[in-house]
Amino acid sequence: MYGPTPAGALTFPEAAFWQSFEAKLVFEDVLAEPDASHGFDGAWKLTYLVFSTTRLWCYRLLAALLALPCGLTWGLLFSLLSLVHVWLLTPALRVLDVFLHVVHRVWGGLVRTLLDPVFQSIGKVAGDVRVTRTQVYPKNDFAHDP
């Protein structure tokens, strides 16, 4: 592709990506005879010609019928998505970012002022706690004779 691309045109990597999802049907994948049995070569060639021509003209006819409505629909949808993103989502997320920055500073100040001293005191009190483990065996009341 040489020169500038028109607005909205796919670049090479984008086109290659979307073409990888395209339905790639070949005659042998749809109508395949096993190796053990083959029909007449003339019938096979005629079937291939009918299949290929039917597929080509059905695609062309349906593409001609659906190209304009689909292009209009997808163009409208993506323009609305762009409009919502540019004029609604981006400013709303920016306002939320500014608000949450203020909340973060206030919350951090409250935690450092009110809770840090409490937890530091608990840490100093509980810092010298020693835990020892002993095992107590229960008395077996059934072991003695009557």
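What distance in nm separates the two pseudo spin-label positions at Trp44 and Ile122, each 7 Å out from Cα along the beta-carbon direction?
8.2
Under the classification rounded if a/c is under 1.5, otherwise prolate if a/b is larger than b/c and oblate if not, where does the stretch 60-138 fall, given a ≥ b ≥ c as square roots of the Cα gyration tensor eigenvalues?
Values: a/c = 11.54, a/b = 2.44, b/c = 4.73.
Oblate shape, in that a/c is at least 1.5 and b/c is the bigger or equal ratio.
If each residue's Cβ is checked for other Cβ atoms within 10 Å, how do Tyr59, Tyr48, Tyr137 rank with the fewest at the top? If you can, show how the numbers build up before the last one.
Values: Tyr59 10, Tyr48 13, Tyr137 5.
In increasing order of surrounding Cβ atoms, one gets Tyr137, Tyr59, Tyr48.
Coordinate-derived values only; no laboratory data. All values reported here derive from a predicted model rather than from experimental measurement. Don't worry about glycine lacking a Cβ; one is built from the backbone with ideal geometry, like all the others, and counts go over all protein chains shown.
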